[in-house]
Each structure stands twice: as C-alpha cells, then as structure tokens.
1. Compute the acute angle (0 to 90°) between the alpha-carbon long axis of helix A:32-52 and the principal axis of greatest extent of the alpha-carbon atoms of chain A; round to the nearest 10°.
2. Expressed as an acute angle from 0 to 90° and rounded to the nearest 10, what is the orientation of the C-alpha long axis of helix A:206-215 relative to the principal long axis of chain A?
3. Using a/c under 1.5 as the rounded threshold, could you call the stretch A:22-112 rounded, prolate or oblate? The axes a ≥ b ≥ c are square roots of the C-alpha gyration tensor eigenvalues, and prolate needs a/b larger than b/c, oblate otherwise.
4. By per-residue mean of other Cβ atoms within 10 Å, what is the highest-first order of B:223-229, A:188-194?
5. Can you tell me the 0 to 90 degree angle between the C-alpha axis of helix B:359-371 and the longest principal axis of chain B, rounded to 10?
6. For the pair A:Ser325 and A:Asp367, how long in nm is the line joining their label points, each one 7 Å along Cα→Cβ?
7. State, to one decimal in nm and shortest first, how far the label point of A:Thr280 sits from each corresponding label point in the other identical copies (label point: 7 angstrom along Cα-to-Cβ).
8. Please get the size of the charge dipole for the stretch B:331-384, origin at its Cα centre, with Cβ charges of +1 on Lys and Arg and -1 on Asp and Glu, quoted in debye to the nearest 20.
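A short reminder: the numbers here are calculations on the coordinates, not readings from a lab. Keep in mind that this is a model prediction, so the values were computed, not measured. Cβ sites come from the backbone with ideal geometry, for glycine too, and all protein chains shown count toward neighbours.
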Protein chains: 2
Amino acid sequence: MSAGHGTRADVVPPEVLAARAYLMRVAEPPSRAVGAFVARHGPVETADRIRRGLDLSADLDAATEARRDVDRSGADLDAMAARGGRLLVPEDPDWPAWSLKDLHEAAAEDLPDLLPPLALWVRGPLPLVDAGRGWVAVVGSRAATDYGLWVAGDWAAGLADAGMTTVSGAALGIDGAAHRGSLVAGGPTVAVLACGLDRPYPAAHSRLLDRIAGTGAVLTEYPPGTVPGRHRFLVRNRLVAALAIGTLVVEAGARSGARRTALVAHLLGRSVMVVPGPVTSAQSVGCHALARDPETSVVGRVDDVVETVGDLGRFAPDEGRPSRSTDGLSPRVLRVHEALSRRTARSARRLAYYSGVDLHSVELGLDQLERAELAERSGGRWRLRPG
Amino acid sequence: MSAGHGTRADVVPPEVLAARAYLMRVAEPPSRAVGAFVARHGPVETADRIRRGLDLSADLDAATEARRDVDRSGADLDAMAARGGRLLVPEDPDWPAWSLKDLHEAAAEDLPDLLPPLALWVRGPLPLVDAGRGWVAVVGSRAATDYGLWVAGDWAAGLADAGMTTVSGAALGIDGAAHRGSLVAGGPTVAVLACGLDRPYPAAHSRLLDRIAGTGAVLTEYPPGTVPGRHRFLVRNRLVAALAIGTLVVEAGARSGARRTALVAHLLGRSVMVVPGPVTSAQSVGCHALARDPETSVVGRVDDVVETVGDLGRFAPDEGRPSRSTDGLSPRVLRVHEALSRRTARSARRLAYYSGVDLHSVELGLDQLERAELAERSGGRWRLRPG
C-alpha cells in the first residue's frame with residue numbers, strides 16, 4: 001500500500017492528459033455522447049474536433065455546444081498538482097480498468113447511465129489498479145443511528161484488519177464512520193466525491209479527507225471548483241459500487257440513496273450485503289427490504305463479509321481447489337471454473353463478474369462443469385464440487 | 001375458529017382410543033419400533049400383542065419390555081376428560097394429517113427422529129385438521145431481550161389480525177410473548193408442550209395455558225403426569241415445526257433450541273423466517289446465522305411473513321392465476337402447478353411440501369411446466385409465469 005504508483009504523467013503523453021482534462025469539463029459527466037466519440041476517435045482527436053466544432057455527431061454537438069470554448073485543462077492540471085493531486089487516465093497503467101469494465105450503457109429507472117468516467121482526479125498514494133479485488137464499499141444513511149455508526153466504524157476496522165480496503169462517499173453518517181474505522185485500524189480507505197477535490201464536502205469532513213488522502217485515495221470525476229448537487233451524488237454512487245467487489249449497506253431508510261448504490265452494485269454483478277438491525281428502526285428498513293432479494297447476503301459479522309466477497313476479496317488462493325482434471329475445457333469455461341469457490345455458492349451473474357465471461361456463456365459453462373462433476377448447484381447458485 | 005370440532009370420540013371406536021393411550025405410555029415417544037408396528041398391524045392389535053408380549057419384533061420387544069405391564073389408558077382418558085381434554089387420534093376426522101404427513105424417519109445430526117406422534121392429548125376448541133395452512137410457528141430464546149419480546153408480541157398480534165394462527169412452545173421468553181400477542185388480538189394460538197397437560201410448564205405460565213386452551217389448543221404427545229426434560233423439548237419442537245406452514249425465529253442465541261426447530265422446519269420443507277436484530281445482540285446471532293442460508297427469508301415486518309408463507313398461508317385464492325391451458329399435464333404435474341405462486345418464487349423443496357409430490361417428481365414436473373411456459377425460474381426458485 002506504499003506509494004510508488006504515484007503520478008504516471010511520465011508515461012502518459014501530456015496532450016492526452018490535457019485532452020481528457022478538457023473533455024471532463026466540456027459536458028456534465030458521464031456524457032454518453034463524449035464517451036462514444038472518445039471510444040471511436042481517441043481523446044486528443046475528440047477534444048480537437050469539439051474545440052473547433054468540426055465533424056461532430058449531432059448529439060455530441062448539442063452536448064458540448066455551451067462549454068466548448070472553455071478550456072481550463074492547463075489550469076486544472078496545475079491547480080491539482082499544487083494540491084498533490086493528479087489526473088488518472090485510462091492510458092495510465094494505474095487505471096482501475098478491471099473494476100470499471102462493467103460500467104457500460106446499462107441503465108435502470110431513476111438511475112443515471114452506468115458509463116465509465118473519462119478520467120479521475122485523484123489525491124493519495126493508493127494504487128488504483130488494485131481496485132475491485134479486496135475493496136468493499138461501505139455505505140449508508142447520513143441520518144444514521146448510534147448503532148449504525150458503531151457498526152460502520154467497527155466493521156471498517158475489522159475489514160482493514162482482514163487486509164481489505166473500504167470505499168465510501170465521505171458523507172456524514174455511515175460514510176464518515178466507515179472511513180474513520182479504516183483509518184483507526186491503519187488501513188487505506190477510498191473516498192469518492194461528488195464535487196471537485198478543492199471543494200471538500202461536507203466541510204466538516206475537510207480534515208478527514210486530508211487524512212484519507214494521506215494513505216488511501218480521494219477521487220472524483222468532477223473538475224476543480226465543481227460544487228456537489230443531488231444529481232452528482234447519484235452519478236458518484238455508480239463509481240463507489242463499481243470500484244468495490246461488493247457493497248455493504250450498514251443502514252438505509254426506506255428511500256435511502258444507499259439502496260440505489262446497492263441496486264447499481266447488483267446491476268454490475270457485485271455482491272450486495274446488508275447489516276441487519278432492529279425491525280423497529282427506520283434506518284434499517286432499507287436494509288431489510290434489500291434482504292428480501294435472494295441475491296442479497298445478510299451479514300452478521302465481519303467474517304460474513306469476508307466470506308461473501310470470497311477469496312477474490314483477499315487475493316487468497318482457494319487451497320481447497322481439487323486437482324481434478326480440467327483437460328479439454330475451453331479457456332472460457334476454465335475461467336468460469338476458476339471463479340467458483342468451494343465454500344461459497346455463487347450465482348451465475350456473480351460468476352460472470354468474477355470471470356469476466358458473459359452471462360450466457362457462464363450458464364453454458366456451468367452446465368458443462370456440472371456434467372464433468374467439477375461444479376455443483378446449490379439453491380440456484382454454484383460452487384466448486386468437493387473432490 | 002368456533003368449536004364444533006370437539007371430541008370426536010363418538011366416531012372413534014373406544015378400543016382404538018384405549019389402545020393408543022396405552023401405546024403412548026409403553027415407550028418414550030416417538031418410538032420407531034412402536035410406530036412401525038402400528039403402521040402394519042393397527043393400534044388395537046399392536047397394543048394387545050405388546051401387553052401379552054407375543055409375536056413382537058426384537059426391537060419392539062426391547063422398547064416395550066419395561067413398561068408393557070403398565071396400562072393406565074382408562075385412567076389417563078378419564079383424567080383428561082375431567083380436565084376438558086381429549087385424546088386426538090389419527091382415526092379422528094380432526095387429526096392434522098396434512099401437517100404431520102411430512103414426519104417420517106428422516107433424521108439429522110443432533111436431532112431426534114422426525115416421526116409422527118401416535119396421538120395427541122389436546123385441550124381447547126380449535127380444529128386441528130386446519131393445522132398447517134394459516135399456522136405460523138413463532139419461536140425463540142427463553143432469555144429474550146426486550147426487543148425480542150416486543151417483536152414476538154407485536155407480530156403475533158399482527159399475524160392474528162391477518163387471520164393466522166401462531167404455534168409455539170409456551171416457554172418463557174419469546175414463546176410466551178407470542179402466545180400473549182395472539183390472545184391480545186383475539187386470535188387463537190396453539191401451545192405444544194413437552195410434558196403432560198396436567199403438569200403445566202413453566203409453572204408461571206399456568207394461567208396463560210388456561211387462556212390458550214380457551215380459544216386455541218394446548219397439546220402434547222406425553223401422557224398425564226409426564227414431567228418435561230431436555231430430550232422432550234427437542235422432541236416437542238418437531239411438532240411445532242410440523243404443525244405450521246413456516247417457522248419464524250424471533251431471537252436465537254448461537255446455540256439456541258430455536259435454531260434446531262428451524263432446522264426441522266427446513267427438513268420438513270417448511271419456510272424458515274428470521275427476524276433481524278442488532279448485530280451487537282447475542283440473542284440475534286442465531287437469527288443472522290440462519291439468514292446466511294439462501295432458503296431462509298429475512299422478514300422485516302408482519303407483511304413479509306404473510307408474503308413468505310404465501311397464499312397457502314391464508315387460504316386466499318391466487319387471483320392472478322392465468323387460465324393458460326394445462327391440458328395434457330399429469331395429475332402430479334398439475335399439483336405442482338397449483339402449488340406455484342405468481343408473487344413468490346418457491347424452491348423445489350417447498351413446492352414438494354405444498355403439493356405433496358416427492359422432490360424428484362417436482363423437479364421433473366417443473367421442467368415440463370417450464371417448457372409449457374407455465375412456470376419460470378427465478379434465482380433457483382420457481383414461480384407461475386405471468387400470462
């Protein structure tokens with residue numbers, strides 16, 4: 001968790017950094033139009049064409065018309081460097097490509113598009129390329145109870161002790177308690193903001209954010225000076241869910257934003273975990289509603305969290321893996337096989353996430369693995385068949 | 001819920017009552033040897049042969065050797081009649097055959113054999129033939145917290161309001177709170193004892209048991225004079241689980257007997273539901289451990305309980321059932337089809353319970369129903385396919 005993966009501007013062409021810094025301001029992120037154009041033409045050509053208003057698609061022209069003359073990329077990069085920050089771009093070896101690959105144009109009612117960010121403004125030494133494996137999102141209400149605050153802090157510390165990194169949104173309530181719990185245990189923690197890095201929000205967490213940036217990471221897709229807004233919290237939440245291998249909801253009211261984050265995690269194939277609480281507590285109603293979904297794991301202790309995210313959560317090799325022959329299996333089916341756990345039965349959707357194989361192929365692969373007696377079904381989920 | 005299903009001694013031959021009363025004392029229930037012999041030869045011949053020690057199987061001879069000369073059947077029947085009780089036997093139309101049919105020789109580690117009772121000593125007017133449908137077991141720790149006691153009482157009242165009957169063990173703690181909650185709401189409740197009806201246990205619940213017997217039922221398989229013992233609580237718990245369509249665990253410590261009752265309910269194909277509580281409470285540890293099983297439902301409110309036990313819980317017709325053609329389906333597959341709900345996805349195991357069809361045939365039937373577009377799979381469970 002030491003530094004050494006600091007700014008990689010040395011391996012990223014300056015014009016790429018400048019282009020992406022410009023593009024992050026030219027339309028409110030995440031912009032489907034900008035993202036699609038960058039995917040086809042690259043950031044430098046896209047920025048150039050937007051600046052000049054030349055050969056743009058109609059939707060890109062509309063999306064960027066108002067701000068295309070504003071280019072603060074140089075000032076933004078300088079301002080962030082002065083604050084110890086950097087712009088992390090997909091061309092950088094530290095880019096969390098594995099975690100963000102599941103962000104695509106999927107969308108659900110009431111949710112912003114689940115699109116990848118164009119880049120991330122980052123403070124802090126934590127390597128982000130490790131995101132996903134071993135990262136657990138800890139989210140919940142701002143209006144948390146003493147019970148929720150205690151659990152968030154205590155469990156975040158327990159997760160740090162287990163070698164895991166917590167991800168949260170630095171809000172008051174559960175978020176702040178989780179970040180503090182990790183820090184108390186000496187573990188790195190990651191805060192994803194809905195505003196510019198120079199606008200710490202909430203103000204009461206300004207020093208906390210500095211501490212997080214000391215060993216972990218504070219990151220955002222919003223350029224310097226951006227103030228938070230309701231829409232931006234929802235947009236930010238998709239990054240919290242995407243960067244972690246599972247999302248733990250500690251407390252959530254009936255209409256909590258944490259439930260939306262859990263929904264995003266589910267859509268992305270991540271584990272959703274809830275902390276149970278008193279049925280008499282309005283702040284646990286959202287957790288218990290989520291628990292009605294068979295895909296949600298109810299976790300009563302830190303060990304349950306570690307068990308749920310499984311060996312992928314800790315890079316731990318599954319020592320119980322049998323040496324039964326997997327000869328003759330295709331590389332794709334082998335990846336499904338490797339994603340199976342002996343201890344924890346996993347849904348096909350989750351195996352698709354772990355293996356990086358599409359869901360339909362996972363289902364076909366599981367049939368094949370079952371026939372080969374390498375996998376067994378357990379209540380609609382799958383586990384490695386004991387030798 | 002009125003009387004009218006009182007003693008049916010008028011339709012049961014007196015020698016059958018006398019024989020079963022004798023057999024309930026001649027070996028500690030449930031006796032595999034006695035049960036098997038009764039199944040083959042009927043209660044009257046079995047009692048006669050045991051009394052005379054003639055033509056017995058070796059295991060039956062051994063099981064009944066010590067007590068075969070003790071025949072208190074007449075005195076037991078008279079004593080219970082004097083207390084307003086009766087002996088309910090399988091030959092009686094009020095026998096809860098549907099609920100008890102799943103008790104067979106299945107057994108699990110640390111559990112007594114899951115055998116049906118030879119008969120039941122009963123006080124109270126509630127028809128027992130209705131057991132199962134609409135009956136929910138509410139169980140939990142004796143050393144309950146204020147939280148657990150409140151939930152048990154409040155939810156039992158809510159279940160009574162929803163037209164459901166609670167079943168419990170009349171113990172201190174959760175059991176007593178559940179019985180009282182039902183009574184407060186004017187609903188019938190059923191207490192299953194681990195001792196004779198003339199030995200109310202615990203003594204502090206003596207008046208509570210009288211009130212339960214006023215509108216519901218107090219029942220036991222132990223003859224008059226039997227005192228409770230650890231083994232008998234375990235044996236009793238199988239009846240609590242069997243008589244209800246689902247078991248709700250309100251609070252349970254790590255090694256609570258309520259967890260065993262839940263295991264029995266699971267083995268019998270009943271729904272297992274747990275009330276979540278603070279993860280900081282030792283009395284919720286058992287509930288949260290049970291919640292790790294994908295087959296367990298976490299219930300945050302009374303409505304969740306009603307939803308989990310489904311329309312079978314309340315005799316409510318499933319008005320959403322489509323009129324799609326089921327022509328050509330075998331009677332067995334039709335029964336599986338009728339056990340499907342549109343609203344609640346059910347496991348094959350649960351459908352086996354609801355339909356009375358064996359698990360393997362249920363699985364074959366579900367394949368057929370899926371091909372006919374009458375059923376759909378949802379996370380390893382099955383529901384009626386919307387029209």
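1. It works out to around 20 degrees.
2. 70
3. Oblate is the answer for the stretch A:22-112, as a/c is 1.5 or above yet b/c matches or exceeds a/b.
4. Numbers: B:223-229: 18.0, A:188-194: 26.4.
Ranking, from highest mean packing down: A:188-194, B:223-229.
5. With both axes taken from Cα atoms, the answer is about 20 degrees.
6. Rounded to a tenth, the inter-label distance reads 2.4 nm.
7. Ordered by increasing distance: 1.5 nm.
8. Details: 11 positive and 7 negative charges, 56 e Å.
The dipole magnitude comes to about 260 debye.
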